[in-house]
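**Student:** Have a look at this one.
The values are calculated or read from the model by the stated rules, or taken from the named source; none is laboratory data. Quantities reported herein were computed from a predicted structural model and do not represent experimental measurements. Counting neighbours? That spans all protein chains shown, and the Cβs are built from the backbone with ideal geometry, glycine included. Remember, those area values only see protein heavy atoms, side chains included, never the ligands or the DNA or RNA. Shrake-Rupley method; radii C 1.70, N 1.55, O 1.52, S 1.80 Å.
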2 protein chains.
Amino acid sequence: MLTAQRKAHLLARLSRTGRLVAADEARALKLSEDTIRRDLRDLAAEGLLLRVHGGALPLSPTHTPLSTRATLHPALKDRLAARAAAMIRPGQTVILDGGTTHLALVRALPEGLCATIVTHSPVIAAALEPHAGIAVLLIGGRLFRHSMVTTGAVAAEGFARLRADLCFLGVTGLHPDAGLTTGDAEEAAIKRALLAAAGEAIVLATPDKIGTASPHIIGPLALVSTLVIAAEGPDPGLWPCGTSSVPEILRV
Amino acid sequence: MLTAQRKAHLLARLSRTGRLVAADEARALKLSEDTIRRDLRDLAAEGLLLRVHGGALPLSPTHTPLSTRATLHPALKDRLAARAAAMIRPGQTVILDGGTTHLALVRALPEGLCATIVTHSPVIAAALEPHAGIAVLLIGGRLFRHSMVTTGAVAAEGFARLRADLCFLGVTGLHPDAGLTTGDAEEAAIKRALLAAAGEAIVLATPDKIGTASPHIIGPLALVSTLVIAAEGPDPGLWPCGTSSVPEILRV
DNA sequence: CGTTATCATGCAGGATCATGCAACCATGCT
DNA sequence: AGCATGGTTGCATGATCCTGCATGATAACG
């Protein structure tokens, strides 16, 4: 087996099992532990895994998905969230997608705001507890754990039965060709239901999402009426400006 | 198990259960207490937890203030919760009402348990995030802020459409004459829907609820098959023992 | 105040690691 | 063909880390 091939094998195994024990891999591949150790050392130097005594662990701990995602760009998310919170007018019905940016939006809501918020995220709903003036409509369904939102036919039906003024949509990719994308097919379907239920759609996009695409397409960028991005992010001129149906872009 | 992995495991467990007892972890991981103690000491040195006599506590801003949990001794609610968690068998479908006692139940669930949990509480649903083996069905509806559960026709319909093996019901009063009671009419109606959807109902009752009644009646005590109460609580002989349809009483 | 549990420390055995060295192989050049 | 070169592998060695046990110190509790 080639060295590079073996390293790829180790990485694949690591991401599958969540840990690597050097001695076990040596036995499995019929090689000395020294060789495995050297591989692990190289991979760690490349930043592809975390070397620990006895083996290796994946860099992105799989056990804390949401809590670590929340600490990604906290200050930036708060800026986007503050701008978004100001877009909600009293009395409006607003759909809030899941995600840490929208969680920041909840925290940025002005005290005493009277509005109706519809969400399929239990985390968002729980965070709305202190906002006495806000009526919360929670959309039920099977919980999709990775994003912590409900999905499936029940959730879709819940959104189909209502009309909202605004919708804050979460996406994992904004791409000139692929449009709005996300990582899961079921989730993409629900997001389409969100869009269909709202008169106006707003996307808060951290810089890492701009210009990227995820596997599952929600729809074209034109579905979004307003895009809130960071002032220091990529130049939106790089992507589909010039077309008539482009979303309005707010830089904060 | 790798040392670094074990430390991550301890941290994850701590953030989930809110408390670590060194001796328990040693037994669970089949290692000496010395090793666990060393792990905890290292983690404390890194500022990742608060070391206390007998175990460790989280120092991240947990929602319940630290003063209320500054002791390792399991609070009363946690004792009830641990007993209740042991009543859930793998594969069962369980309805979980809202409330802090049931939140403690979620934290007391054994790791890796495979079951389906149905709830109308976004807080409960959010707390189930780390339990990868548990399928969560969230019942939607209008959020009743005081109890942080959904209520109304939509929620009732959600429960009407399913059958569960078990139901953990939250009440604010258990009274020989009034039966099971709660503080809100809508909530009482939903609780009846919970009971109707489950084959067996269990109530975890802290001592302050026993012998009291709230304005809105859910139903007679006989609807409950098992009652879990604190060993040091009021003598259940004070209330409707002797009748044939009384719930089984577990004192912990 | 006494009992019990928990803790810190030192030590020993074993596992794991980094380093240097030699053997081996493929490749390219003379 | 003959040789140099670079890369890979296995082994030996001393260093380092992890773990369990023993010991005395300390904290919790009645």
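**Student:** When only Cα pairs under 8 Å and 6 or more residues apart are kept, what is the percent relative contact order across chain A? Walk me through the numbers on the way to the answer.
**Tutor:** Values: 461 pairs, mean separation 33.4, N = 252.
It rounds to 13 percent for chain A.
**Student:** Would you mind giving the three semi-axes, in whole Å and largest first, of the ellipsoid equivalent to the stretch B:153-237 according to its Cα gyration tensor?
**Tutor:** 23, 15, 9
**Student:** By how many degrees, 0 to 90 and rounded to 10, does the Cα axis of helix A:74-85 deviate from the longest principal axis of chain A?
**Tutor:** The helix A:74-85 is inclined about 20 degrees to chain A.
**Student:** Sorting B:ARG51, B:ARG145 by accessible area (1.4 Å probe), largest first, what list results?
**Tutor:** Details: B:ARG51 80, B:ARG145 55 Å².
Per-residue accessible area, sorted high to low, gives B:ARG51, B:ARG145.
**Student:** Measuring nothing but label to label, 7 Å from Cα along Cα→Cβ, what are B:HIS53's distances to the other copies in nm, shortest first?
**Tutor:** Inter-copy label distances (nm, one decimal, shortest first): 2.9.
**Student:** Send over the per residue convex hull volume for the stretch A:124-168, Cα only, as a whole number of Å³.
**Tutor:** Taking the convex hull of the Cα positions in the stretch A:124-168, it is 90 Å³ per residue.
**Student:** For B:ARG79, B:ARG142, give the ranking by accessible area with the largest first, probe 1.4 Å. Write down the numbers at each step before the final one.
**Tutor:** Values: B:ARG79 75, B:ARG142 120 Å².
Solvent-accessible surface, decreasing: B:ARG142, B:ARG79.
**Student:** Another question about this same structure. Sorted by accessible area with a 1.4 angstrom probe, largest first, how do B:ARG41, A:ARG13 fall?
**Tutor:** Of B:ARG41, A:ARG13, the descending order of accessible area is B:ARG41, A:ARG13.
**Student:** Follow-up. Run lengths n ≥ 4 of DSSP H only: what is the helix-derived mean residue ellipticity at 222 nm for chain A, with -39500 (n - 2.57) per run over all residues, to the nearest 500?
**Tutor:** Value at 222 nm, helices only, nearest 500: -10500 deg cm²/dmol.
**Student:** Taking the label point 7 Å from Cα in the Cβ direction, how far apart in nm is A:PRO130 from each other copy of itself, listed shortest first?
**Tutor:** 2.4
**Student:** Using only Cα atoms, figure out Rg for the protein assembly as shown and give it as a multiple of 2.2 N^0.38 Å.
**Tutor:** Dividing the Cα Rg of the protein assembly as shown by 2.2 N^0.38 Å gives 1.08.
**Student:** Separate question: Would you mind listing how long the stretch B:1-56 runs along its three principal axes, going by Cα atoms, in whole Å with the largest first?
**Tutor:** Answer, in whole Å and largest first: 24, 21, 20 Å.
**Student:** What are the label-to-label distances in nm, one decimal and shortest first, from A:PRO207 to the same spot in the other copies, with labels 7 Å along Cα to Cβ?
**Tutor:** Ordered by increasing distance: 5.8 nm.
**Student:** While we're here: Please state the Cα pair-distance histogram of the stretch B:96-195 with 10 angstrom bins from zero: what percent is in each bin?
**Tutor:** In order of increasing distance, the bins hold 15, 49, 30, 6, 0 percent.
**Student:** Related question: Assign unit charges at the C-beta atoms only (+1 for Lys and Arg, -1 for Asp and Glu), then state the dipole size of the protein assembly as shown relative to its Cα centre in Debye, rounded to the nearest 20.
**Tutor:** The dipole magnitude comes to about 960 debye.
**Student:** While we're on this one: Please work out, to two decimal places, the log10 of the ratio I(q)/I(0) at q = 0.11, 0.17 Å⁻¹ from a Debye calculation in which every Cα of the stretch B:76-251 carries one identical scatterer.
**Tutor:** Normalising to I(0) and taking log10 leaves -0.41, -1.03.
**Student:** Could you work out, for the stretch B:189-234, what percent of all Cα-Cα pairs fall into each 5 Å distance bin, beginning at 0 Å and stopping at the bin that holds the largest distance?
**Tutor:** Distribution as computed: 5, 18, 28, 27, 16, 6, 1 percent.
**Student:** Now for a different question. In whole Hz, with x marking every Gly and Pro, tabulate ³J(HN,Hα) for the stretch B:172-186 from phi via Karplus 6.51 cos²θ - 1.76 cosθ + 1.60, θ = phi - 60°.
**Tutor:** Residue by residue, the stretch B:172-186 yields 9, x, 10, 9, x, 8, 6, x, 8, 9, 8, x, 9, 5, 4 Hz.
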